[in-house]
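Just below is one structure, and these are the notes that go with it.
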Amino acid sequence: MIKITKKENCTGCHACYNVCPKACITMEYDEEGFLYPKVNYEKCIQCNLCERTCPIIHSKKIDNNPVAYACYNKDENIRNQSTSGGIFTLISENIINSNGIVFGAGFDKNYNVVHTMSDNISDLEKFRGSKYVQSSIGDTYKEVKKLLEKEKIVLFTGTPCQIGGIKSYLGKDYPNLICQDIICHGVPSQYVWQHYRDLISSGRNIKNINFRDKSTGWKKYSLKFDFYNGQYYKEIGNKNAYIKGFINNLYLRPSCYNCAYKTLNRQSDITLADFWGIEGILPELDDNKGTSLVFINSDKGKLLFENIKNNTVYKGVDIKKSITFNPCAVVSCEKNKVRNKFLNEYKNKDFNELIELYTREKISKKYNFIFQVFKNLIKRLNIY
Ligand SMILES: Cc1cc2nc3c(=O)[nH]c(=O)nc-3n(C[C@H](O)[C@H](O)[C@H](O)COP(=O)(O)OP(=O)(O)OC[C@H]3O[C@@H](n4cnc5c(N)ncnc54)[C@H](O)[C@@H]3O)c2cc1C
């Protein structure tokens with residue numbers, strides 16, 4: 001049976017939880033705010049299906065030939081509501097128009113992030129936009145399987161580890177399943193998010209949260225909370241404490257620092273990302289309103305892109321060049337040296353001050369390092 005001896009080896013994908021025939025695995029939060037499987041040994045019949053289904057224990061190698069596009073949705077309104085080019089919505093609309101079902105990450109009524117499904121275009125807005133928190137999968141893999149067996153077309157979207165999870169859970173290819181992943185920086189803790197959400201809302205009822213509000217531009221996006229009393233909170237991402245902590249890797253899941261899914265040869269059919277560096281690589285597709293980087297990874301992905309491409313502005317790009325400014329496609333984030341210290345302290349200290357302190361240290365170390373490199377170079381050149 002599944003036993004988590006090293007937390008770094010569990011992505012929290014929920015495959016073991018969903019596959020257990022006796023429902024004797026529960027997913028429980030650890031003290032950092034990440035879900036891990038817990039086996040009820042009294043109910044367990046030792047069938048070992050959980051271990052056999054784990055996508056990390058039984059990793060899969062993909063031999064494909066992905067191609068990349070820079071692309072954005074021609075619908076300005078949808079593009080504005082989306083994180084990058086609004087391609088997720090186009091793909092999903094195509095699936096729903098074919099009588100299919102879409103699974104993705106949305107907020108629950110308390111603004112925790114959870115996976116659910118939708119068969120309705122007007123309901124797709126709940127999945128639209130990146131939520132920088134690990135989404136809880138719940139029973140969605142079981143729901144996907146039931147729908148696939150009823151011959152429904154299903155689009156499952158999520159992080160690469162969630163795609164690895166559903167593929168392992170299903171154990172075979174279904175022609176009516178399409179998977180879309182994202183290039184993923186890493187996923188933050190639910191507990192840190194809940195703490196920050198409560199700090200910002202301070203008792204006010206939340207109407208909406210947008211992690212990537214574009215009213216200050218796509219590259220200089222803001223984190224925005226809207227409240228029912230008409231008030232709002234908005235702060236530029238690179239000044240906002242939560243986004244700074246996320247980008248500086250202060251509260252990512254342990255498995256994200258050594259992610260098993262960093263590759264261009266992905267299990268998904270289609271991959272979506274922000275096209276960072278577009279202004280230098282394809283300036284004609286950059287208007288600071290958000291451009292997506294899209295990888296087509298399989299024949300299913302190719303067909304889907306063929307179906308939507310006329311509703312987009314797009315251009316092919318060399319895949320290796322496309323990730324010049326997006327290393328998260330192929331490399332894991334470095335673990336911040338003060339991560340564990342931060343996670344022990346944040347509940348009892350001023351959140352903004354702590355982030356300022358721990359991200360400033362990192363920045364000053366970086367500048368110090370650059371200064372030392374220059375100093376050594378000048379010495380070598382005998383300039384002084
Ligand atoms: C945690 C996280 C880290 C990311 N890191 C990077 C990165 O390093 N580089 C990069 O280029 N892009 C990254 N992205 C992806 C990027 O921000 C956009 O989601 C992507 O470009 C799609 O944009 P869109 O405009 O087409 O659609 P949007 O409507 O903005 O995207 C919606 C899609 O994102 C999915 N989604 C939203 N939140 C989550 C979540 N918490 N977990 C799983 N799926 C989620 C939805 O299910 C849906 O498929 C990240 C996204 C997330 C959620």
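The values are calculated or read from the model by the stated rules, or taken from the named source; none is laboratory data. In this text the structure is predicted, and so the values were computed from the model without any measurement. Positions of Cβ are backbone-derived with ideal geometry, glycine not excepted, and every protein chain shown enters the neighbour counts.
Of the residues making up the range 160-212, those that are within 11 Å of the ligand (Cβ to nearest atom) and either in a strand (DSSP E or B) or free of Cβ contacts under 8 Å to residues at least 40 places away in the same chain (or both) are 179, 180, 181, 182, 188, 210, 211, 212. Quickly run through the range 225-240 and pick out the residues that are in a strand (DSSP E or B), closer than 18 Å to residue 352 by Cβ and among the charged types (D, E, K, R). Hits for the range 225-240 are 234, 235.
Just to be sure, is residue 248 more than 10 Å from the ligand (Cβ to nearest atom) and crowded, with 21+ Cβ neighbours inside 10 Å? When the stated conditions are applied, residue 248 passes them.
If you go through the range 45-53 one residue at a time, do you hit one that is surrounded by 13 or more Cβ atoms within 10 Å (Cβ to Cβ) and in contact with a Gly (Cβ under 8 Å, 6 or more places away or on another chain)? So far as the range 45-53 goes, yes, one or more of its residues are surrounded by 13 or more Cβ atoms within 10 Å (Cβ to Cβ) and in contact with a Gly (Cβ under 8 Å, 6 or more places away or on another chain). Under the condition of being more than 16 Å from the ligand (Cβ to nearest atom) and part of a helix (DSSP H, G or I), the residues counted in the range 123-159 number 6. Among the residues of the range 165-210, those identified as farther than 24 Å from residue 37 by Cα, of a type in the set (Val, Ile, Thr) and touching a Phe, Trp or Tyr at 6+ places or on another chain (Cβ under 6 Å) are 200, 206, 209.
I'd like to know if the range 182-202 contains one or more residues that are touching a strand residue (DSSP E or B) at 6+ places or on another chain (Cβ under 6 Å) and among the charged types (D, E, K, R). Checking the range 182-202: not a single residue is touching a strand residue (DSSP E or B) at 6+ places or on another chain (Cβ under 6 Å) and among the charged types (D, E, K, R). Residues in the range 135-150: is at least one among the polar types (S, T, N, Q), modelled with pLDDT of 95 or more, within 14 Å of the chain's Cα centre (by Cα) and within 30 Å of residue 250 (Cβ to Cβ)? Yes, the range 135-150 has at least one match.
Among the residues of the range 280-294, which ones are touching a strand residue (DSSP E or B) at 6+ places or on another chain (Cβ under 6 Å) and within 13 Å of the ligand (Cβ to nearest atom)? 291, 292, 293, 294, listed by residue number. For the range 101-116, filtering for residues that are more than 12 Å from the ligand (Cβ to nearest atom) and in contact with a Leu (Cβ under 9 Å, 6 or more places away or on another chain) leaves 1.
How about the range 1-96: which strands (runs of 3 or more DSSP E) wholly inside it have at least 1 residues that are assigned by TED's automatic domain parsing to the domain that holds residue 255, within 16 Å of the ligand (Cβ to nearest atom) and not β-branched (Val, Ile, Thr)? Hits in the range 1-96: 67-73. Give 301, 316, 277 a once-over and let me know the one that is farther than 29 Å from residue 57 by Cα and away from the ligand (no atom under 13 Å from the Cβ). Unique residue meeting the criteria: 316.
Any residue at all in the range 246-264 that is assigned to a strand (DSSP E or B), closer than 24 Å to residue 334 by Cα and in contact with a Gly (Cβ under 6 Å, 6 or more places away or on another chain)? Yes: the range 246-264 contains one or more residues that are assigned to a strand (DSSP E or B), closer than 24 Å to residue 334 by Cα and in contact with a Gly (Cβ under 6 Å, 6 or more places away or on another chain).
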